[in-house]
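Okay, so here's the structure we're looking at.
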Amino acid sequence: MSIATRHPEVRSSPLPPLNPAPPQRPRTPQCTNQHTNQRTNQRTTPLLLNLLELDPREVIDGIMTPSGYLTADVIPVGPMREACPHCEGVALQLVLRHRHVKRSHLFCRVCTRVYDALDDSGYSVLTV
């Protein structure tokens, strides 16, 4: 058994902050304003997406039958803000790549069409 002794002239060190701030880098005012403006524009302007209808055979494994394309049940992740252009007010469902799904896509439960979402530069926003 040991006994700890504390000398009166020795003080304990202060506790470190819970979330230490990252070291500040010196920035020029022009760089800071330009960077801030870009971040503000990203937050205030919504990302406008162009929907491109895809051939279901390119998106999911299935069989073509006389009545249409037959696939296994697809489990969507959830509704998106984009609406189906063919169905009035129906939110598209996001479907991610999994098992028989070849690529991520947006799916309309009403008309069963599949779409890709493209940004202004023409690149898919559903791919990583």
For residues that are modelled with pLDDT of 85 or more and among the basic types (Lys, Arg), scanning just region 33-90, find the one that is surrounded by the fewest Cβ atoms within 10 Å (Cβ to Cβ). Arg81
Quick count over region 91-127, residues being over 14 Å from Pro56 (Cβ atoms), in contact (Cβ under 8 Å) with a residue 60 or more places away in the chain and either surrounded by 14 or more Cβ atoms within 10 Å (Cβ to Cβ) or aliphatic (A, V, I, L, M) (or both), is 3
Among the residues that make up region 93-104, is at least one of them at pLDDT below 85 and outside any loop (DSSP other than H, G, I, E, B)? no
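The values are calculated or read from the model by the stated rules, or taken from the named source; none is laboratory data. All values derive from a computational prediction rather than experimental measurement. All Cβ positions, even for glycine, are placed from backbone atoms using ideal geometry, and neighbour counts span all protein chains on display.
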